[in-house]
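*Asks:* Pasting in a structure now, in structure tokens, and then I'll have a few things to ask.
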């Protein structure tokens, strides 16, 4: 019941911005994917984090949609995706992301953006498929091997509401008043089968180190909440040093939920990333208004991702 309510709330938020809900079948997984934006604009593939849905990008979408064509896959049953388990493993999620990119942006490497676990998945997807993305935007990403994983594990695994408050304080420095009811949603999400499935399958081999990041030759933007208590800001600095082409921006008075706590500063940081690493000319597929877009029945960016014929 909770998963259905979570998925319905996410879909309603996306519909309010003109996005459409689609289904992409990849092996045993039936992925819910939200699509929309400007047909032929910058391709963006956005990945949510643990205990969240693609609604985590709502603070960014209103600014991004006029210039970008977006795809937001749901990577657990919390967002409406169905499969053999409530959520894929990190490695499985990386492969699903690569499939979404191939189907939704054929011949156009997207900007691959991920928040928290979504950033971890983005790194793993790019390492497994080096030509997948044109650039990476990693927002408080997980996955860096050299950090205190026992502390982190203790924060995301809890049984009581009091224990959940420890994670809440890691997510936000001074949350807005309207965010207070979300504490209950956080507790329920992290007690869900989807989160438990991910935590039960994550392995040390899923993490990455400096040698892995040195293999990523596309531009990378790192955005951090300066007071993040889950993945601390020094992790961002270590990642920046390891990456061949990267910028790091730490937003003051913000923690792990930086996009919610400081939305204006977050959107501005994304804009600076786009300006620092512009896509090559022709990366977007500009369309004549009268021209129909393949795979979109109404020609305006709706419909479903093109499906393979085999």
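*Asks:* Give the residue that is modelled with the highest pLDDT, with candidates limited to residues of region 147-164 that are loosely packed, with under 13 Cβ neighbours inside 10 Å and in a loop (DSSP other than H, G, I, E, B).
*Replies:* In this case the residue turns out to be 148.
*Asks:* Among the residues of region 106-123, which ones are crowded, with 24+ Cβ neighbours inside 10 Å, assigned to a loop (DSSP other than H, G, I, E, B) and in contact with a strand residue (DSSP E or B) (Cβ under 7 Å, 6 or more places away or on another chain)?
*Replies:* Correct list: 110 only.
*Asks:* Output the qualifying pairs, or none if there are none: Cβ atoms under 8 angstrom, residues six or more apart or on different chains, first residue in region 1-29 and over 18 Å from residue 59 (Cα atoms), second residue at pLDDT below 90 and in a loop (DSSP other than H, G, I, E, B).
*Replies:* Every condition considered, the pairs that remain are 22/303; 22/304; 22/305; 23/304; 24/304; 24/305; 24/307; 25/307.
*Asks:* Another question about this same structure. Just to check your reading of the model, which residue among 167, 188 is part of a helix (DSSP H, G or I), crowded, with 20+ Cβ neighbours inside 10 Å, at pLDDT below 95 and at negative phi?
*Replies:* 167
*Asks:* Restricting region 167-184 to residues that are without any contact (Cβ under 8 Å) to a residue 24 or more places away in the chain and over 21 Å from residue 232 (Cα atoms), which is nearest to the chain's Cα centre (by Cα)?
*Replies:* Applying the filter and picking the extreme gives 182.
*Asks:* OK, next. List the helices (runs of 4 or more DSSP H) inside region 214-286, counting only whole elements, that have at least 2 residues being surrounded by fewer than 21 Cβ atoms within 10 Å (Cβ to Cβ) and more than 19 Å from the chain's Cα centre (by Cα).
*Replies:* 233-242, 263-276
The values are calculated or read from the model by the stated rules, or taken from the named source; none is laboratory data. Computed from a predicted model, the values in this text were never measured in an experiment. All Cβ positions, glycine included, derive from the backbone under ideal geometry; neighbour counts span all protein chains shown.
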